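The values are calculated or read from the model by the stated rules, or taken from the named source; none is laboratory data. Being a predicted model, the structure only gives us computed values, none of them experimental. Ideal geometry is used to build each Cβ from the backbone, glycine not excepted, and the neighbour counts take in all protein chains shown.
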Amino acid sequence: MVPLGVVVDGVEHVEGVDLLSSGLLTALTHGSRKVTTSQPPPAAFAAAYQRAAAAGAREIVSVHLSGELSGTVRAAQLAAGSSPVPVHVVDSRAVGMALGFAVVGAARLAATPLPPHAAPTGLLAGARSWWHDRQRVEPVRPTADDVASCARRTAESARVWFLVDSLEHLRRGGRLSAPAAALGTVLGLRPILTLSDGGVALLERVRTRRAGRDRLVALALADVSARSSARVAVHHLGQPEVAQTLANELVAALGDRLVEVVVSESSAVLAAHAGPGVLGIVVADA
């Protein structure tokens, strides 16, 4: 992992190293504090690629949050040019566990030997025995292209909806236009946002936070019902009980259709842009 930076009142922190989501929540609740984010430099990716190659990697699949929201993927692409082994850079066009499910799915595929191909017919017994011995010694592995494609497919299958208390943090961070932010908060309605073409978009507005929570669940239920199976994540910032309640509602309504359910606190970087009170649901193909 190559962490992003979060700048609080001019002091830069490294996400997951010296700043956790809980610490950022404290900063965000003090309105006078200025919070921004910063992408890793290409050198950070170059060092990560070098470490992977030194550990024996022959190829690297490098999966990143949406290029519409961050220059991180561009930094990864620049570093790939100097990597000692080939690097397949994937712009997931996603965030949160929409990105997370893509990474986990790709990693699972990379670690799983594929079923051996059927042995050709008409071979002599000795040749057939040699072929099967070779398969046991050298299991068929997915290629880096296979793994990168898996990440892209999973990310493309994901839908994301999230409820925020205010659009001001997204507007100040440039992740939502000023007109969209103004429209989203008109009449004091609470906005429900989604990802569209890799960027943040206003989906609809609701009158109360409770109505927003119910609407998130309804959107997820309708989406999962149209899939044969799915993985679901519920994101929150400092609201673990609320998030777990939403997850329980989804499990009770969908049962075996859900392969995996994750309750996860929002990352510090996402929290910096969404602000306190963010609550989201991610659905992706299993």
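Before we move on, is Ala76 modelled with pLDDT of 95 or more, assigned to a helix (DSSP H, G or I) and surrounded by fewer than 16 Cβ atoms within 10 Å (Cβ to Cβ)?
No; evaluated as a whole, the condition is false for this residue.
Considering each of Ser267, Ser196 in turn, give the residue that is closer than 27 Å to Gln39 by Cα, crowded, with 23+ Cβ neighbours inside 10 Å and within 15 Å of the chain's Cα centre (by Cα).
Values: Ser196 fails: crowded, with 23+ Cβ neighbours inside 10 Å.
Checking each option against the conditions leaves just Ser267.
Scan region 205-228 residue by residue and report those that are polar (S, T, N, Q) and assigned to a helix (DSSP H, G or I).
The one that is polar (S, T, N, Q) and assigned to a helix (DSSP H, G or I): Ser225.
For region 229-271, which positions are small (Gly, Ala, Ser), modelled with pLDDT under 95 and outside any helix (DSSP H, G or I)?
Gly238, Ser264, Ser266, Ser267
For Pro40, state whether it is part of a loop (DSSP other than H, G, I, E, B), free of Cβ contacts under 8 Å to residues at least 60 places away in the same chain and surrounded by 15 or more Cβ atoms within 10 Å (Cβ to Cβ).
Yes, satisfied.
Quick one: Gly56 ticks every box in (1) at positive phi; (2) in contact with a helix residue (DSSP H, G or I) (Cβ under 9 Å, 6 or more places away or on another chain) bar one, so which box is it?
(2)
Identify the single condition in (1) at pLDDT 95 or above; (2) within 28 Å of Arg231 (Cα to Cα) that Leu69 does not satisfy, given that it satisfies every other one.
(1)
Find the residue count for region 79-104, including only residues that are without any contact (Cβ under 8 Å) to a residue 60 or more places away in the chain and either surrounded by fewer than 23 Cβ atoms within 10 Å (Cβ to Cβ) or touching an Asp or Glu at 6+ places or on another chain (Cβ under 9 Å) (or both).
Summing the residues that are without any contact (Cβ under 8 Å) to a residue 60 or more places away in the chain and either surrounded by fewer than 23 Cβ atoms within 10 Å (Cβ to Cβ) or touching an Asp or Glu at 6+ places or on another chain (Cβ under 9 Å) (or both) in region 79-104 gives 11.
Residue check, Ser228 against (1) over 20 Å from Gly105 (Cβ atoms); (2) loosely packed, with under 15 Cβ neighbours inside 10 Å, all met but one. Which one?
Going through (1) over 20 Å from Gly105 (Cβ atoms); (2) loosely packed, with under 15 Cβ neighbours inside 10 Å one by one, Ser228 breaks only (1).
From the list Ala274, Ala233, exactly one residue is within 15 Å of Ala98 (Cα to Cα) and either surrounded by 17 or more Cβ atoms within 10 Å (Cβ to Cβ) or in contact with a Gly (Cβ under 6 Å, 6 or more places away or on another chain) (or both). Which is it?
Details: Ala274 fails: within 15 Å of Ala98 (Cα to Cα).
That would be Ala233, the only listed residue that is within 15 Å of Ala98 (Cα to Cα) and either surrounded by 17 or more Cβ atoms within 10 Å (Cβ to Cβ) or in contact with a Gly (Cβ under 6 Å, 6 or more places away or on another chain) (or both).
Within region 188-205, can you find the residues that are at negative phi, of a type outside the set (D, E, K, R) and free of Cβ contacts under 8 Å to residues at least 60 places away in the same chain?
Across region 188-205, the qualifying residues are Leu189, Pro191, Ile192, Leu193, Thr194, Ser196, Ala201, Leu202, Leu203.
Within region 1-37, take every residue that is surrounded by 16 or more Cβ atoms within 10 Å (Cβ to Cβ) and within 28 Å of Thr143 (Cα to Cα) and give me the one that is modelled with the lowest pLDDT.
In this case the residue turns out to be Pro3.
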